[in-house]
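Take a look at the structure set out below.
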Amino acid sequence: MDEFPSHSFPSGRRFGIAVHVAVAAGLLLAILIMVNYLAARHPIRKDLTSGDRFVLSPLTLQILQNLTNQVRVTVLFDSEAALFSHVDAMLQGYRSQSPKITLDVVDYSLAPGRAIQIRDRYNLGRDDKDLVIFESGKETRFVRSAELSVYDADINSMLQGGSRQVRRSAFRGEALFTSAIVTVSQAIRPRVCYLLGHGEHDPRSSDQNGYRKFIDLLAQRNVTVEPLTLGSEREALPSDCELLVIAGANSPLEANTLQKLGSFLDQGGRLLALMNVESLGTTTGLEDFLARWGIAVRPSVVADRQQTTGGSDVLVGEFGAHPVVNPLAHGHHKVQLLLPRVVGKIPEKFMPADPPKVEHLLFTSDAGQTKSKIRDGTAYYDVRVDIQGQRIPMAAAAEKGGLAGVAANRGATRLVVVGDSFCFGNQLIESASNRDFAGLAVNWLLDRQQFLAIGPKAIHEYTLRLTPAQLTKMRWLFLAVLPGSILLLGFIVWLRRRA
Amino acid sequence: MNVILALLRRELGGYFKSMIGYVVISAVLFLFGFSFVDMLGKLNGVPQDAPVTEQFYATVYFWVILLITAPMITMRVFALEKSTGTYETLMTAPVGDWQVVLAKFGGTLAFFTLVWLPLLGCLFIIRHFTGDPATLDPRVTAGTFFGILLIGSLYMAMGCFASALTRSQIIAAMLSFLLGVALFVLSLRSVALSPSESGWGALLDHISVMRHLADFSRGIVDTRQVVFYLTSTAFFLYMTQRVVESRRWK
């Protein structure tokens, strides 16, 4: 190191000065650490983006400021994945707003060891990735990347067999993250009622058609599932029931049950109705009931010669434009249904007054066919009434705004009706993307009004479209013209100084 | 103040009186160009959620440029003066140690800014060719350059400290490079540790330059990061001043 041959100070004095310098440096370091500590405790984040991409809504800020429980947020994402930047920046904003939020960002491709630890801790599978985990006490909530986007699709073009391009148009992370924080920190467990008594799938059964896995899926979403019968006069839907599931009813529902269902939906209730082929020859009462909500369940099953693995199933790859199925459409996923019934929109002229907004969710390909003649348990094409060579809908969703003063605590009424109930059974729920479809349907149904006020943030999609000529021009500019001109300037200066 | 400005002018002039300043800027510009050409080739026609400018700061190119340019700029500030003998002349002039340190730091930071300024030109070129105004959000770009300036100030302060320790420019460059790489490696290490489970993890998360730059490049300015850079720069400048002062009692 540096040498100055001065020995004007005795070694003791030099040692004293060195100690003094070391103590002063240590003190300064301590002060700077304290300043950093204070800054870390009271951070301020300023978003400079022109669209305020990462500014949190007043509702989120209010919830974060009133947070009393510690919430641990774990982001298990590939840092090069789409949306990571949005997820990370937004959750950093959450952390800066509340000391109760702790945030771990784990890139499973860079830190596989940590990813394994997290998967073990939350009982996740090896393929579970690109998700955000919210945990407080014993409560956990998962938000998956598939739920985070709002897509724009040119549906008309898709219906005409044209472009299938689906574009990510907005990021709905804030609504989902805030909802998850409220759910885990306040231990709010939405109550889901599961109707029994009409031949529905057994929610405790592990058989291939049992619904145990579906119930587990609900439990993963911090939902309390309760079996329910409504047959007698005394039995009623619990007032805090947020979602009613009717999975595969194949015997008639009692009049008073239907009446209770009607008042539940009128008050902003949510219904997941899963029909199946076994109720084809029976009038369960649900058909007329659902017609009042703009959804027709026809007495025929659907086949699709082009999209099937064995003839009796339909491998659905055609989706409508709806939050429940947009992520599936974007990811080109498939849903497997077994002998699904036709479930579609009631024609406009038969719609009730003040009709709900009904959207189709699942379609066959253009080779769809209906079969309404049932003989020996097998469905046949009836040339007089059935149709073929068309896209046939097999699931629909309906939504209707809440009635002022009546539905204030529930918000909008929502229904999802699927023409097959076996698709969520223990066996088929693992097929194709059936599990994702079930999760997306439940999430949409359980969305509460308060969080719908947090709108999605628009995403600008950046696509460079450079011609080969432009690329060549840029290559020359970047690699030769710009560095060369600076070097030339330097050479001229050097020559002039030399002269 | 006039003394500092005069010294600063002298420092900055030192880069441009010889070829070194032009060679450094030209080399950095070539590296920028190379990285953009590579990125544009890969991203052309592929829809992205973030502009190419934001993605550039997450690439290895950015860090290579930063880690290499910092020692190249700072290695000469004290070491060259010591080896050529002008250091004694400077220190016997009627200027204080702090004035010398601040002027030399200011000179390196000004040159660092000049080195990175052509990046703005590259961004304008990309915007011109893509025709998409969203490619270059002026406020986000301002935030990014503010971040580069803060990171640069820390790296320049570390470089000045390293240069003050020795009379050899090579050793000064090596020391500066070592300090810069150590900070970068600690940032990489923070990926493997949970900030909520260990104090070490929280510390690494706090000083992670990669995380900081990710925020700046998204257009987010966070006071935690600003305070970290200002205080750590101040610490290294203080240490530099102490080393400069040590000639009196060594």
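Overview of results
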quantity: Failed item in (1) over 23 Å from A:HIS460 (Cα atoms); (2) within 8 Å of another protein chain (Cβ to nearest Cβ); (3) not hydroxyl-bearing (Ser, Thr, Tyr), with B:LEU31 passing the rest; calculated: (2)
quantity: Subset of the range A:116-150 [more than 21 Å from the chain's Cα centre (by Cα) and on the phi < 0 side of the Ramachandran plot]; calculated: A:ILE116, A:GLN117, A:ASP120, A:ARG121, A:LYS138
quantity: Matching residues in the range A:180-203 - criterion: being under 20 Å from A:PHE422 (Cα atoms), touching a residue at least 12 places away in the same chain (Cβ under 8 Å) and in a loop (DSSP other than H, G, I, E, B); calculated: A:LEU196, A:GLY197, A:HIS198, A:GLY199, A:GLU200, A:HIS201, A:PRO203
quantity: Residue in the range A:210-227 that is out of contact with any helix residue (DSSP H, G or I) (no Cβ under 6 Å at 6 or more places or on another chain), assigned to a loop (DSSP other than H, G, I, E, B) and surrounded by fewer than 17 Cβ atoms within 10 Å (Cβ to Cβ) present; calculated: no
quantity: Filter pass, B:VAL24 being more than 9 Å from every other protein chain (Cβ to nearest Cβ), under 27 Å from B:LEU186 (Cβ atoms) and not small (Gly, Ala, Ser); calculated: yes
quantity: Checking A:PRO327 against (1) modelled with pLDDT under 85; (2) touching a helix residue (DSSP H, G or I) at 6+ places or on another chain (Cβ under 6 Å); (3) surrounded by fewer than 18 Cβ atoms within 10 Å (Cβ to Cβ); (4) not basic (Lys, Arg), the condition it does not meet; calculated: (3)
quantity: Restricting the range B:14-29 to residues that are at pLDDT 85 or above and among the small types (Gly, Ala, Ser), the residue that is surrounded by the fewest Cβ atoms within 10 Å (Cβ to Cβ); calculated: B:ALA27
quantity: Cβ-Cβ under 9 Å pairs, at least 6 apart or on other chains, the range B:188-209 side in contact (Cβ under 8 Å) with a residue 24 or more places away in the chain and in a helix (DSSP H, G or I), far side β-branched (Val, Ile, Thr) and buried (at least 18 other Cβ atoms within 10 Å of the Cβ); calculated: B:VAL209/B:ILE151
quantity: Test set (1) more than 7 Å from every other protein chain (Cβ to nearest Cβ); (2) closer than 26 Å to B:TYR238 by Cβ - B:ALA214 fails condition number; calculated: (2)
quantity: Residues (aliphatic (A, V, I, L, M) and within 8 Å of chain B (Cβ to nearest Cβ)) located in the range A:39-55; calculated: A:ALA39, A:ALA40, A:ILE44, A:LEU48
quantity: Qualifying residue in the range B:190-203 (condition: crowded, with 21+ Cβ neighbours inside 10 Å, facing another protein chain (nearest Cβ under 7 Å) and more than 25 Å from A:VAL106 (Cβ to Cβ)); calculated: no
quantity: Strands (runs of 3 or more DSSP E) contained entirely in the range A:234-324, each with at least 3 residues that are not aliphatic (A, V, I, L, M); calculated: A:295-304
quantity: Those residues of the range B:235-250 which are facing chain A (nearest Cβ under 7 Å) and outside any loop (DSSP other than H, G, I, E, B), in sequence order; calculated: B:PHE235, B:TYR238, B:MET239, B:ARG242, B:ARG247
quantity: Residue tally, condition facing chain B (nearest Cβ under 7 Å), part of a helix (DSSP H, G or I) and among the hydrophobic types (A, V, I, L, M, F, W, C), over the range A:454-485; calculated: 6
quantity: Unique residue being surrounded by 15 or more Cβ atoms within 10 Å (Cβ to Cβ) and either without any contact (Cβ under 8 Å) to a residue 24 or more places away in the chain or in contact with a Ser or Thr (Cβ under 8 Å, 6 or more places away or on another chain) (or both) when the list is B:PHE32, B:PHE36, B:PHE78; calculated: B:PHE78
quantity: Contacts under 7 angstrom Cβ, first residue in the range B:135-148 being among the aromatic types (Phe, Trp, Tyr), partner crowded, with 20+ Cβ neighbours inside 10 Å and part of a helix (DSSP H, G or I), 6 or more apart; calculated: B:PHE146/B:PHE216
quantity: Criterion violated by B:LEU5 - all others in (1) more than 10 Å from chain A (Cβ to nearest Cβ); (2) more than 29 Å from A:ALA458 (Cα to Cα); (3) within 18 Å of the chain's Cα centre (by Cα) satisfied; calculated: (3)
quantity: Search result, residues across the range A:90-135 that are in contact with a Gly (Cβ under 9 Å, 6 or more places away or on another chain), more than 11 Å from chain B (Cβ to nearest Cβ) and farther than 25 Å from A:PRO58 by Cβ; calculated: A:ARG119
quantity: Every residue from the range A:460-482 that is out of contact with any Pro (no Cβ under 9 Å at 6 or more places or on another chain), more than 30 Å from A:HIS86 (Cβ to Cβ) and surrounded by 11 or more Cβ atoms within 10 Å (Cβ to Cβ); calculated: A:THR472, A:LYS473, A:ARG475, A:TRP476, A:LEU477, A:LEU479, A:ALA480, A:VAL481
quantity: Flag if B:TYR87 is more than 13 Å from every other protein chain (Cβ to nearest Cβ) and either part of a helix (DSSP H, G or I) or at pLDDT below 95 (or both); calculated: no
quantity: Helices (runs of 4 or more DSSP H) (entirely within the range A:16-126) containing at least 1 residues that are aromatic (Phe, Trp, Tyr), surrounded by 13 or more Cβ atoms within 10 Å (Cβ to Cβ) and touching a residue at least 60 places away in the same chain (Cβ under 8 Å); calculated: A:84-97
quantity: Considering residues of the range A:360-382 that are of a type in the set (D, E, K, R), assigned to a strand (DSSP E or B) and free of Cβ contacts under 8 Å to residues at least 40 places away in the same chain only, the residue surrounded by the fewest Cβ atoms within 10 Å (Cβ to Cβ); calculated: A:ARG375
quantity: Restricting the range B:39-57 to residues that are at the interface with chain A (Cβ under 8 Å from one of its Cβ atoms), in a helix (DSSP H, G or I) and crowded, with 16+ Cβ neighbours inside 10 Å, the residue that is nearest to the chain's Cα centre (by Cα); calculated: B:GLU54
quantity: Hits in the range B:58-75 (condition: buried (at least 22 other Cβ atoms within 10 Å of the Cβ) and part of a loop (DSSP other than H, G, I, E, B)); calculated: B:MET75
quantity: Test: A:VAL143 is of a type in the set (Val, Ile, Thr), more than 12 Å from chain B (Cβ to nearest Cβ) and assigned to a strand (DSSP E or B); calculated: yes
quantity: Qualifying residue in the range B:59-77 (condition: of a type in the set (Gly, Ala, Ser) and within 14 Å of another protein chain (Cβ to nearest Cβ)); calculated: no
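The rows are residues; the columns are (1) under 12 Å from the mean Cα position of the chain (by Cα); (2) charged (D, E, K, R); (3) over 19 Å from B:VAL244 (Cβ atoms).
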{"residue": "B:THR135", "(1), (2), (3)": "no, no, yes"}
{"residue": "B:PRO138", "(1), (2), (3)": "no, no, yes"}
{"residue": "B:LEU150", "(1), (2), (3)": "yes, no, yes"}
{"residue": "B:THR166", "(1), (2), (3)": "no, no, no"}
{"residue": "B:LEU175", "(1), (2), (3)": "no, no, no"}
{"residue": "B:LEU178", "(1), (2), (3)": "no, no, yes"}
{"residue": "B:SER187", "(1), (2), (3)": "no, no, yes"}
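The values are calculated or read from the model by the stated rules, or taken from the named source; none is laboratory data. These figures come from a predicted structure and were not determined experimentally. Neighbour counts run over all protein chains shown; Cβ positions are idealised from the backbone, glycine included.
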